[in-house]
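All of the numbers you see were taken from the coordinates with simple rules; none came from a lab. Just so it is clear, the model here is predicted, and its values are computed rather than measured. Here the Cβ is made from the backbone with ideal geometry for all residues, glycine too, and neighbour counts use every protein chain on show.
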Amino acid sequence: MNKKKCPTCGNWIQGAIKHPGSLRASLHVKKGEDIPEGKLEKAAEKKGVTGKRARLAITLKHLSKKKKT
């Protein structure tokens, strides 16, 4: 049986990232360096694939932050 992947499943991030490193390449940031926050925010305002990748990067960045209790 071949099950379709859905966004509510546990592995949605792996399905969302089709081309790892493509956002970094389109923003001309060298491998191993962090993408500057301003450059990422500016790219998120763009339309098309680059904007989608930047918005996903911002979303994933917020997911990794842990709340202090």
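By its C-alpha gyration tensor, with a ≥ b ≥ c as the square roots of the eigenvalues, how is the stretch 22-63 shaped: rounded for a/c under 1.5, else prolate for a/b larger than b/c, else oblate? Here the stretch 22-63 falls in the oblate category.
Per-residue Karplus couplings for the stretch 43-49, computed as 6.51 cos²θ - 1.76 cosθ + 1.60 with θ equal to phi - 60°, are listed in order as 5, 5, 7, 6, 8, x, 5 Hz, Gly and Pro entered as x. Over all other residues within a Cβ to Cβ distance under 12 Å of Ala25, the charged ones net out to +4, with Lys and Arg as +1 and Asp and Glu as -1.
Pairs of Lys residues in the stretch 22-63, spaced 8 or more positions apart or belonging to different chains, with C-alpha separations under 17 angstrom: 8 in total.
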